[in-house]
Structure formats: C-alpha cells, structure tokens
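Worksheet: the structure to be examined is printed underneath.
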Amino acid sequence: MRLSRIHSGPVLDFYTPDFTTELMLPLAGSPVSVGFPSPAEDYIEMALDLNKELIRHPEATFYARVKGHSMIDAGIQDGDLLVIDKALEQKDGDIAVCFIDGEFTLKRLALKEDGIYLMPANAEFKPIRITEENDFLVWGMLAYIIHKPMQ
C-alpha cells in the first residue's frame, strides 16, 4: 500500500490510497485466541488484501496521520494512521475529521439541541462548540485506526 501526500495541516497529514497493486497477505483460518491457543489455528487458509478489507468507498477514502494527543482516550495515538471515508453518514457519537476555521481536527461529534460540539477524548482538551461564526465542515468519518502495539 503506497501513500501519496496531498495536504499537511496542523493536526493531520492526508494521503490518497494507491490501488494500482494488490498485496495479498496470509490470513489465519480462525480468529486469534487471547486465551489458550488451539493447534488447529496453526493453519493458514486464506489471503486478504488490506485495501479491499479496509476501504468500502475507494473514490471517497483517504488516509491521514495523527499529530497530537486530543483523542488518546479513544485509542487514537500520535502517529496513528487513520482510514477516513467521506461517504459514511455522520452520526452523533462518531469520530470525524472536521475542518474548522482553516484547520483540520479529529474529534467525536456531539449533535445536541443547542448545536454541534466537537468532543476531545482527553481531559486536557476542551470541547469545541460550533457557532455560525465558524467556517465548519465535517470532512469525513473515521472508518479504521491503524497503530503499532504499545510497548
């Protein structure tokens, strides 16, 4: 999977997926146990292409790299790679890439009677209330998070 950089912002770097090649990776025939392993799980039965697995709408999907710690309690860490789908519906409580006043940010949407709030997942950051004065757009919805295991 090759990435082409298309934009650099203060919070996210965006990339477009490259679908010109396939990378079929082995997939274990049964789920990986977090308890006691089964000897039958030693056999690889299938292959999978991560582009096909992670991307439902190729023409509307982008990758972004996270910069910052405002979503750490949602399991999103600095340096994580995000799969963002612009074709997914916006729902209360979902995590979205938003464009607000010239900057991109990643926050949980809170759709309330008195307006839209962008909610961080870190107590060190304050919610952002969207007002009529803001230049605001929900740019895309978070589909997947890819990150290295914590050491």
(1) of a type in the set (V, I, T); (2) surrounded by fewer than 17 Cβ atoms within 10 Å (Cβ to Cβ); (3) within 21 Å of D13 (Cβ to Cβ) all hold for T131 apart from (3)
Expected single match for modelled with pLDDT of 60 or more, under 12 Å from the mean Cα position of the chain (by Cα) and assigned to a loop (DSSP other than H, G, I, E, B) among G79, G93, G35 is G79
Across the stretch 122-148, the tally of residues that are of a type in the set (S, T, Y) and either touching a helix residue (DSSP H, G or I) at 6+ places or on another chain (Cβ under 8 Å) or not in a loop (DSSP other than H, G, I, E, B) (or both) stands at 1
Practice item. Please verify whether the stretch 58-76 includes one or more residues that are charged (D, E, K, R) and within 17 Å of V138 (Cβ to Cβ). Key: no
Checked E59, E124, E53 against criteria (charged (D, E, K, R), out of contact with any Ser or Thr (no Cβ under 6 Å at 6 or more places or on another chain) and at pLDDT 90 or above); the one match is E124
Flagged in the stretch 107-128 as surrounded by 10 or more Cβ atoms within 10 Å (Cβ to Cβ), more than 18 Å from E89 (Cβ to Cβ) and in contact (Cβ under 8 Å) with a residue 24 or more places away in the chain, in numbering order, are P120, A121, N122, F125, I128
Residues of the stretch 95-106 being loosely packed, with under 15 Cβ neighbours inside 10 Å and in contact with a strand residue (DSSP E or B) (Cβ under 9 Å, 6 or more places away or on another chain), in sequence order, are D101
task: Consider D78 carefully, then state whether it is touching a His at 6+ places or on another chain (Cβ under 8 Å), free of Cβ contacts under 8 Å to residues at least 24 places away in the same chain, within 21 Å of F14 (Cα to Cα) and surrounded by 11 or more Cβ atoms within 10 Å (Cβ to Cβ).
output: yes
Residue hits (the stretch 96-121; assigned to a loop (DSSP other than H, G, I, E, B) and over 17 Å from L12 (Cα atoms)) are E113, D114
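The values are calculated or read from the model by the stated rules, or taken from the named source; none is laboratory data. The structure displayed is predicted, hence computed values, not measured ones. Please note: Cβ atoms are built from the backbone with ideal geometry, for glycine as well, and neighbour counts cover all protein chains shown.
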